[in-house]
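Let me begin by presenting the structure, written as structure tokens, before commenting on it.
The values are calculated or read from the model by the stated rules, or taken from the named source; none is laboratory data. Just so it is clear, the model here is predicted, and its values are computed rather than measured. Counting neighbours? That spans all protein chains shown, and the Cβs are built from the backbone with ideal geometry, glycine included. Only protein heavy atoms, including side chains, enter the accessible area calculation; ligands, DNA and RNA are left aside. Shrake-Rupley method; radii C 1.70, N 1.55, O 1.52, S 1.80 Å.
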Amino acid sequence: MVNSLIVVLLFFGIISHHDTIDKKLEIPHYSILKEKTIYSLNEDYGYSIIIEKQIKVLSKEGLDHAFTSLPYDKFVEIKDFYLQVIDPKTGKTLEKARMRDMSDVAIVSNTSIFEDNRRKYYRVKTEQFPVEVIIRSESYHKTNYFFPEWIPVNYLYQKVEESKLELIYPESGGIRYKELNLLGKKEKEELSDGFTKISWTERDLPILGSGFEIKNVHRVLIAPREFSMEGHLGIMNDWAGFAAWQFDINKGRGELPESYKKQILQLVDGVDDLYKKVSILYSHLQQNYRYVSIQLGIGGWQTMTAEDVIKYSYGDCKGLTNLMKSMLEVVGIPSYYTLVLAGEGKSEMQVDFPSNQFNHVILQVPTEASPIWLECTSNLLPAGYLGEFTKGRDVLVTQDGGGYITQTPAYNSNEWNKITSKNRIEIDHQGNATLYSLREMKGNLVEEILYLQTYKDIREQKDFFNENLPIKGLIVEDYLLNVENRDSIPVSRLELKGHISRFAQSTAKRLLLKPFFEKITEHMVDNLRLDMEEIYEISLPSGVVPELENMDFHITEPDFDIQISHKLNEGKLEVNRSIKFFMKEELNEDAKQDFLKRINETTQKSYFFNKSNSLTN
């Protein structure tokens, strides 16, 4: 996957997600790097990577810059490793290491029980600074399906004196590359025996501190024209060729036993509606098969058979998606195995550079209107809702003989981002209050509640509500939580009773209600849109008169609409607040916070009441 090294950089603290950087500050550096990387491709679709580094570690903070981690699996063999630590003042060798000195551990994910990913690593042990560290490593890759991207700046707070990449490849097989943010020079040389060498050299690159955007990273993306994995040949010149290869390696792996086909047909017997059929079969998958990651050899890309998923009652994203696809075929519904780069937060693909940029599989079910998307590893989400993990992403839909790039739904319409609440508050003469609340949420905001309902006990749920419900000082006494699906939209309904200490402040002449509207937080607008309606019916103590003059207002601007209205009736104050807004995606974090601050400050008002006995004095 093209973004894999970015993930490594993030893991080791190399890249930060802040949006801005104070260019006036001088960024320190803890090491100086001179590096050369050589990719040598063979005509048999294998290739080797040789990396030679000279690192001057200036202080203890830079010691991690000399850390070496070499991943390997069925397709990658570590051929050599050499490390030497030298005192630059005396030239004396302080430390040496070879491959036998490296530690070897499994790379184990939380959900995977079948994988062959491992890594060898070595950590320099010196406590003397500065030191010169020389590192040389070599690995052999049996398939050219994937090339690690070249990133000349290895770490934050590292000065790059020179970083060079040499890419040597046979002209018969060809190679493709994409340059991003490079500042140095590129040279091309025709070698003997039909090979070509391209060299990139970057010198004196800017030192990276915390606070820059990932999109500005200097790098070269590399991908094959033709590739092979365990004898399965493919073409990656365009997305159609890549999709065709993915479709072909899964051919014949969706066959179902006849007895199972009869069971599937019985599940949808008498059902005509397309969505209902899909939903019934999707629920069957969720209730009977669990997700387990499988990363063994070509199994990282080729699905296990549908029969094995049925036999063992588990599968990875590929196996569960393949089984769902097969079940739909039985009832005459076509669907398409779809590749996606999944993960929390939106991940951007290089759409103009066909290559393996994926780590997950979902299913697309075409309809006359919009497709139905299925996240087959989830046992919670309704059919048609992908959730945070894969929503709003560029994806590759695979078909027999080809495929195409499209996008999953962003779920950014009002119906997917709606909160309504009706609240009744009774205030006693001490200013304490009892709250009776009915709160309904739709769409994206319900995903967290789904997990809360399924995986947390009653005490943990109550703690969550006490910490996250809007009114400060609220202690939940009793509640009822229900989550249901209205077609593809998840809907949560929370009824609760709670006690609010010091909800009102009282003096001899006046009563004060502090702001009680729900504060709009960044978490609530992860999808950039919100449609919120709140009603508060406040039963007032006897003998108080509200000061409501000029409290009603309605503000309309291109990006938001805010309205607040009040009504007093028989000792009850009814306050209605309506907020609808859409934040522009290009806003940086500071601008988003300013936007939310403006909305919150506009609507968060205190309420004053005169006590009637004071009016007659």
| field | Glu258 accessible area, 1.4 Å probe, all protein chains in place, Å² to nearest 10 | value | 120 Å²
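Once you charge only the Cβ atoms, +1 for Lys and Arg and -1 for Asp and Glu, what is the size of the charge dipole of segment 496-538 about its Cα centre, to the nearest 20 debye? Please report the intermediate quantities before stating the final value.
Working: 7 positive and 7 negative charges, 107 e Å.
Taking the Cα centre of segment 496-538 as origin, the dipole is about 520 debye.
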| query | Which of the pairs Lys251/Lys311; Lys34/Lys60; Lys74/Lys391 have their Cα atoms more than 25 Å apart in this structure? | reply | Lys74/Lys391
| message | Within 11 Å, Cβ to Cβ, of Ala66, how many net charges do the neighbouring residues add up to if Lys/Arg are +1 and Asp/Glu are -1? | response | +1
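In square angstrom, what is the accessible area per residue of segment 539-617 with a 1.4 angstrom probe?
Working: 4710 Å² over 79 residues.
Result: 60 Å² of accessible area for each residue.
Relative to the compact globular guide of 2.2 N^0.38 Å, what is the alpha carbon radius of gyration of the chain, as a ratio?
Numbers: Rg = 30.2 Å, N = 617, 2.2 N^0.38 = 25.3 Å.
Taking N as the residue count of the chain, the ratio is 1.19.
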| said: Please list, in order along segment 550-555, the HN-Hα scalar couplings obtained from phi with the Karplus expression 6.51 cos²θ - 1.76 cosθ + 1.60 (θ = phi - 60°), rounded to whole Hz, x for Gly and Pro. | reply: 6, 8, 6, 7, 9, 10
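How many Å² of accessible area per residue for segment 95-205, probe 1.4 Å? Write down the numbers at each step before the final one.
Details: 5650 Å² over 111 residues.
On a per-residue basis, 51 Å².
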| How big is the charge dipole of the chain about its Cα centre, in debye rounded to the nearest 20, if each Lys and Arg gets +1 on its Cβ and each Asp and Glu gets -1 on its Cβ? | 1320 debye
| segment 157-164 - phi-based ³J(HN,Hα) in whole Hz, Karplus 6.51/-1.76/1.60, Gly and Pro as x | 6, 10, 8, 9, 6, 7, 9, 10
| task | Would you mind checking the tilt of helix 446-455 against the longest principal axis of the Cα atoms of the chain, expressed as 0 to 90 degrees and rounded to 10? | result | 80 degrees
| query | Taking the Cα atoms only, what angle lies between the long axis of helix 239-249 and the longest principal axis of the chain, rounded to 10 degrees? | reply | 80 degrees
| remark: Counting sequence-distant residues (5 or more places) and residues on other chains, those with an amide H built under 5 Å from that of His360 are Val340, Ala342
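Share of antiparallel DSSP beta bridges in the chain, in percent to the nearest 5?
Working: 159 of 183 bridges.
So the antiparallel bridges amount to about 85 percent of the total.
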| field | Long-range tail of P(r) for segment 42-147 (Cα pairs > 18 Å, %) | value | 55 percent
| said: Amide H of Ile471 versus every other amide H placed in the peptide plane: which residues, excluding those fewer than 5 positions away on the same chain, fall under 5 Å? | reply: none
| message | If amide hydrogens are placed 1.01 Å from N in the peptide plane, which non-local residues have theirs closer than 5 Å to the one on Asn144? | response | Ser228
| query | Roughly how tilted is helix 274-288, in degrees to the nearest 10 and between 0 and 90, from the longest Cα axis of the chain? | reply | 70 degrees
| request: Would you kindly derive the ³J(HN,Hα) couplings of segment 571-578 from the backbone phi angles with the Karplus curve 6.51 cos²θ - 1.76 cosθ + 1.60 (θ = phi - 60°), listing them in order in whole Hz, with x for Gly and Pro? | output: x, 10, 9, 9, 10, 10, 10, 10
| message | Please report the carbon-and-sulfur percent of the accessible area for the chain; probe 1.4 Å, protein heavy atoms only, DNA, RNA and ligands left out. | response | 47 percent
